[in-house]
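Right, one structure below, let's go through it.
Where a number appears in this text, it was derived from the coordinates with a stated rule and is not lab data. Small disclaimer: the values here were computed from a predicted structure and weren't measured. For neighbour counting, all protein chains shown are included, and Cβ atoms are generated from backbone atoms with ideal geometry for every residue, glycine included.
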Amino acid sequence: MPAKILIVEDHDDSREILAHMLRHLNYEPLEAATGEEAIEKALNESPDLIIMDLWLPGINGVEATRRLKQNPKTARIPIIAYTASEHQDYKHKALAAGMAGFLMKPTPHRVFKQIIEKFLSTKP
């Protein structure tokens, strides 16, 4: 059974590209467009990994991560920030909320594959 990876991205095109890349790598993509939807899907689907945009409508990616990490059902799921910002303050907030790493937008396919494999292999 392929690993389930939840993509949390409010831009439809970006989310579809990531889902296509994950299917190509033989993973099962799940999709959410908001922080609220991400929390609901994570609770219902128990993904193996979450790729979380930081800038989302409603609950942003940092707050959604904070809530997921506080819930015993989702606390152990690795969450990777998906962002175009290299600002250190955002990275600090993401790490403090419980994010395990970063994917920069845009991400070359090879790098994307390496990061996904790294975080799936270190999942508790």
* Asked: In what order do SER121, SER46 fall by count of nearby beta-carbon atoms within 10 Å, going from fewest to most?
  -> SER121, SER46
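First obtain the Kirkwood hydrodynamic radius of the chain from its Cα pairs, then insert it into the Stokes-Einstein equation at 37 °C and 0.692 mPa s, and state the resulting D in µm² per second as a whole number.
After rounding, the answer is 234 µm²/s.
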* Asked: Using the count of nearby Cβ atoms within 10 Å as a rough guide to exposure, how do VAL62, VAL111, VAL8 rank from fewest to most?
  -> VAL111, VAL62, VAL8
* Kindly put MET1, MET52, MET21, MET99 in sequence by how many other C-beta atoms sit within 10 Å of each C-beta, fewest to most. => MET1, MET21, MET99, MET52
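What's the Kirkwood radius of the range 1-66 in Å, using all Cα pairs?
11.6 Å
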* To do: Output the antiparallel fraction of DSSP beta bridges having both residues in the chain, as a percent to the nearest 5.
  => 0 percent
* To do: Could you list the trypsin sites (Lys or Arg not before Pro) in the range 50-124 that lie in coil according to DSSP, counting only those with at most 13 other Cβ atoms within 10 Å of their Cβ?
  => LYS73, ARG76
* Taking the convex hull of Cα positions in the range 74-124, its mean projected area over all directions (nm²) -> 3.6 nm²
